[in-house]
1. Can you give me the number of residues within region 6-39 that are in a helix (DSSP H, G or I) and free of Cβ contacts under 8 Å to residues at least 24 places away in the same chain?
2. Being charged (D, E, K, R) and touching a residue at least 12 places away in the same chain (Cβ under 8 Å) is the filter; apply it to region 88-126 and report the residue that is surrounded by the fewest Cβ atoms within 10 Å (Cβ to Cβ).
3. Go through region 131-144 and report how many residues are under 17 Å from TYR89 (Cα atoms) and out of contact with any Asp or Glu (no Cβ under 6 Å at 6 or more places or on another chain).
Amino acid sequence: MNGKIVGGFIVVTAAVAGALLYYLQVYGYYRPIPANAPAAELRLTSLASGRPEPILADAFEGIDADTSPLRFRGCFHTPMSLALLTETYQVYDAPTPLIAPRWFDCFDANRIGEALETGEAVAFLSEADIRPGVDRVVAIFPDGRAYAWNQLNESLEK
């Protein structure tokens, strides 16, 4: 009889710990980014100056977490044309959109990645080393839809 109680306690404890871990990874640490927050000001790195410059953007939705610099995701719209953007800002060589939580509907990393591979969208360097070893990347579609995320740069990938 005692073995059943101990075994049941272990199973219940493991189930509660698993549910808590799942919640913390998928929901717990993320927080929405208000449209007027500094993180919502989207910038691209200029070809001329090599410095990030603000771009026109509206309808921003974003999430971030303090637990990792790689948890930033953003969706927005820009009225700027791809022709203007590619002539003015640095294109990012190896963009890899990171998967967002399922509940953050506007960011589909697989769709963005496919569009980048086929040339439907273009990735730009937003800010190099926004945190040590992490770049902010922005992918922009011809219709103005745009997506931002943070990814490791070559300084940490070695």
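Laboratory data are not the source of any read-out in this text; all were calculated from the coordinates shown. Just so it is clear, the structure is predicted and the values come from calculations on it, not from any experiment. Cβ atoms come from the backbone with ideal geometry, glycine included; neighbour counts cover every protein chain shown.
1. Initial filter on region 6-39 (in a helix (DSSP H, G or I)): 6-28, 38-39.
Adding the requirement that they be free of Cβ contacts under 8 Å to residues at least 24 places away in the same chain leaves 6-25, 28, 38.
Adding up the residues that qualify gives 22.
2. Initially, region 88-126 is screened for residues charged (D, E, K, R), giving 93, 102, 105, 108, 111, 114, 117, 120.
Now restrict to residues that are touching a residue at least 12 places away in the same chain (Cβ under 8 Å): 102, 120.
Details: ARG102: 7, GLU120: 13.
Going through the qualifying residues, I end up with ARG102.
3. The initial filter retains those residues of region 131-144 that are under 17 Å from TYR89 (Cα atoms), namely 135-142, 144.
Those still in the list that are out of contact with any Asp or Glu (no Cβ under 6 Å at 6 or more places or on another chain) too: 135, 137-142, 144.
Residues in region 131-144 being under 17 Å from TYR89 (Cα atoms) and out of contact with any Asp or Glu (no Cβ under 6 Å at 6 or more places or on another chain): 8 in total.
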